Structure formats: structure tokens, C-alpha cells
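Enquirer: Here it is, the structure, as C-alpha cells.
The values are calculated or read from the model by the stated rules, or taken from the named source; none is laboratory data. Computed from a predicted structure; not experimentally measured. In this analysis, Cβ positions are derived from the backbone assuming ideal geometry, glycine residues included, and neighbour counts consider all displayed protein chains.
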Amino acid sequence: MNSRSENAHVYRIDKFKVPAAAREEFLSRVRTSNEVLHAIPGFVEDRFFEQLGATGNSKIVTIAVWENEQAFSEAKLLVQEHYKKIGFNPGDIIKRLGIEADMDAYTNLDL
């Protein structure tokens, strides 16, 4: 069973279908974004998973864990401000690279 603090965690789970030709650029962007996340208060941990297909295409899953909803909400604002300051639009990159994305936040389901 999870502790009370873990029950408050917010999990940002992003799933991507990445063409082989886009993999390295995509992962470079993930690494850069990850450095920003680590510096934000309320960040707990992250994980990265990959499933390579026979054609070289990848399914990549990223999970970022936040202490609670407030920390997650504040982090979203800080990340958006950072992206605006550096002129980075994740949606444009995803589209240009031909990546399919399913991105959302989840909370613990205690069964």
C-alpha cells in the first residue's frame, strides 16, 4: 500500500510513437527538458522507457512524478515560461518530426 504522501503525487505520463529518423533529435529534446524539470521545486523523480520496433521506430514513455497537484501546476507554468523565453514550442517539434503523442497527468488509484 502507498504512503499518504505518495497518494498525493501527480504523475505526468507521456507516450510517444517516434519514427526512427526522429529518435535522436527527440531524445535530445527530452534530455534538455528533463534538466529543467529537475530544478523545479516539487519534482520527485522521473523514468524513461523505450520499446524498439522491428522497423527502428520507437515507443517512448516518460514519467515525471510531482509531490502534489500544486507542485505540478506550478511546474507547468514554470516550464511554459521557460519554453517561451527560449522560443521552444514542443507541439511544433512533435509535428515536424512526425511523432504521435499522448500526454496527460494522472493521480494514484488506490485499489
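Residues are listed down the side, and each one gets a yes or a no for (1) more than 23 Å from Val10 (Cβ to Cβ); (2) over 14 Å from the mean Cα position of the chain (by Cα):
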site	(1), (2)
Glu45	no, no
Gln51	yes, yes
Asn57	yes, yes
Ala75	no, no
His82	no, yes
Met103	no, no
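Enquirer: Can you pull out the residues in the range 17-32 that are modelled with pLDDT of 95 or more and either within 18 Å of Val65 (Cα to Cα) or among the basic types (Lys, Arg) (or both)?
Expert: The answer is Lys17, Arg23.
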